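Below is one structure, written out as structure tokens, with a few remarks after it.
The values are calculated or read from the model by the stated rules, or taken from the named source; none is laboratory data. These numbers come from a predicted model, not from an experiment. Heads up, the Cβs are rebuilt from the backbone with ideal geometry, glycines too, and the neighbour counts pull from every protein chain shown. Calculation scope for accessible area: heavy atoms of the full protein, side chains included, ligands and nucleic acids excluded. Shrake-Rupley method; radii C 1.70, N 1.55, O 1.52, S 1.80 Å.
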Amino acid sequence: MADSSRTHGIGGLKFDPKKRHWPNEINIFLALVLIVVIFELLGLLLMDQSFLFDTRDRFDSIFNEARLRIIILQVSIVGIIAIGVTQVIISGGIDLSSGSVVGATAMIAMSFAQVAEVNGNPNPTLAMGDWATNLPVIVPLLVGLACGLVAGVINGALIAYTRIPPFIATLGMMVTARGVSKWWTEGRPISFPTEPYKLIGGGLAPVFWFIGLAILFHLVLRYTVYGKHTYAIGSNEDAARMSGIKVERHKVLVYTIAATLAAVAALVLSSKNLTAQAGMGVMYELDAIAMAVIGGVSLTGGRGSIVGTVLGALIFGVIISGFTFLRLDAYYQEMVKGGIIVAAVVLDQWRQRRASIR
């Protein structure tokens, strides 16, 4: 009789404890800790300063709260986009339009969030006329979400029903949405939002949006049919279709969610900056993809998690803040960011080859 502690399955396959491995998220967390330690050592050796700890004579906190706040704030808005991009990549696709959707949504939504007067004078950046001023905050929110919804449905429908590659479909949307953002006011910025609109991205609100949405979609991917179907399509689309999953409809839903999250990021960003400009969101899509890939999401689909993406976003933020702390020029930061993305993809390919050998 087979030992139940050493076998599993109908065929009585032997369980090899040597092949057990801990979740990939732990490896990513350890990488985050290692990067923090490296910046700590560099700071102490090169600048005689601590990266994350407060070395001044204070007793209320041992951490440098200002730097921690900057790290989490600077990744929160792109992190919201990364949550949607993660789902797209898990399903076997890619979305290059997120940053441009941010720009177009910010311009259009802010048009419905302006005050009529500034210091007793007419608003100099008025975009839509007096009829669109001092509106309830729900109006620009719904307009912004509708922009993301439309962009996502178009992306998903093109990919699912015309069978063109996701790269091409979302590249087309990227160019189109950027054109819309420039056309909306002929390149002029839109400013002076209403007080309720300012609250959307004021203070630490972007962090709460990021954490809340990350928790929500972690639960959705892990415990719902939507999540199971997303992983199934990314792992093997033909097998998913044969098992009864409506693949085309699900792809439209995934891209719609991703673009809607980009619209949420646009609302938060424009509220935080108190202005909307046509150039908002440039390169955000690549940063979001980088966060997901660094967080262990496989570009071939079928594997990844929101937890990993959140950790990838923190790694991203720590690296940017660390370079600023070391006073490295911005172009060095871009070079290293590119190297990190390539290294993460190479590591993903190595993991897949190793898994196939097993």
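Helix-only arithmetic for the chain: the sum of -39500 (n - 2.57) across DSSP H runs with n ≥ 4, divided by the residue total, places the mean residue ellipticity at 222 nm at -21500 deg cm²/dmol.
Protein-only accessible surface at a 1.4 angstrom probe places the residues TYR331, TYR223 in the order TYR223, TYR331, largest first.
Run the accessible area of segment 169-243 with a 1.4 Å probe and give the carbon-and-sulfur part as a rounded percent.
70
Could you tell me which of rounded, prolate or oblate describes segment 65-207, using a ≥ b ≥ c as the square roots of the eigenvalues of the alpha-carbon gyration tensor, with rounded for a/c under 1.5 and, failing that, prolate when a/b is larger than b/c and oblate otherwise?
Numbers: a/c = 2.48, a/b = 1.42, b/c = 1.74.
Oblate is the answer for segment 65-207, as a/c is 1.5 or above yet b/c matches or exceeds a/b.
Within segment 66-127, the proportion of C-alpha pairs whose separation exceeds 19 Å stands at 56%. Rg/Rh for segment 152-304 (Cα atoms only, Rh after Kirkwood) is 1.00. What shape does segment 259-310 take by its C-alpha gyration tensor, where a ≥ b ≥ c are the square roots of the eigenvalues and a/c under 1.5 counts as rounded, a/b above b/c as prolate, and the rest as oblate? Prolate. Look at the alpha carbon pairs under 8 Å that are at least 6 residues apart: their mean separation over the length of segment 161-303 gives a relative contact order of 39 percent.
Each residue was assigned an accessible area with a 1.4 Å probe, and for HIS218 the value is about 50 Å².
The local environment of GLY312, defined by Cβ-Cβ distances under 11 Å, has a net charge of -2 under the rule Lys, Arg +1 and Asp, Glu -1. Shape analysis of the chain places it in the oblate category; the axes a ≥ b ≥ c from the Cα gyration tensor give an a/c of at least 1.5, with a/b not above b/c.
In terms of packing, defined here as the mean over residues of other Cβ atoms within 10 angstrom, the peptides 160-166, 302-308 line up highest first as 302-308, 160-166. Of the residues ASP95, ASP130, ASP287, the one with the largest accessible area comes first in the ranking ASP130, ASP287, ASP95, computed with a 1.4 Å probe on protein heavy atoms.
Taking all protein chains as they are arranged and a probe of 1.4 Å, the heavy atoms of ILE211 leave approximately 80 Å² accessible to solvent. Think of segment 112-251 as having a plus end and a minus end, set by charges on the Cβ of Lys, Arg, Asp and Glu; of ASN119, VAL153, LEU142, VAL153 sits farthest toward the positive end of this dipole.
Using a 1.4 angstrom probe with every protein chain in place, what is the largest-first accessible-area order of TRP209, TRP131? Please report the intermediate quantities before stating the final value.
Values: TRP209 110, TRP131 160 Å².
Putting TRP209, TRP131 in descending order of accessible area: TRP131, TRP209.
Of the whole protein surface, THR300 contributes about 70 Å² of accessible area at a 1.4 Å probe radius. Packing, taken as the mean count of other beta carbons within 10 Å per residue, orders the peptides 44-51, 168-175, 186-193 from highest to lowest as 168-175, 186-193, 44-51.
Dipole size of the chain about its Cα centre, with +1 on Lys/Arg Cβ and -1 on Asp/Glu Cβ: approximately 1320 debye, rounded to the nearest 20. Amide H contacts of VAL118: ASN123, each under 5 Å away and 5 or more positions distant or on a separate chain (H built 1.01 Å from N in the peptide plane; Pro and chain starts excluded). Packing-based ranking of 259-270, 235-246 yields 259-270, 235-246, ordered from highest to lowest mean Cβ neighbour count within 10 Å. Our summary gives the chain a relative contact order of 29 percent, counting only alpha carbon pairs under 8 angstrom and 6 or more residues apart.
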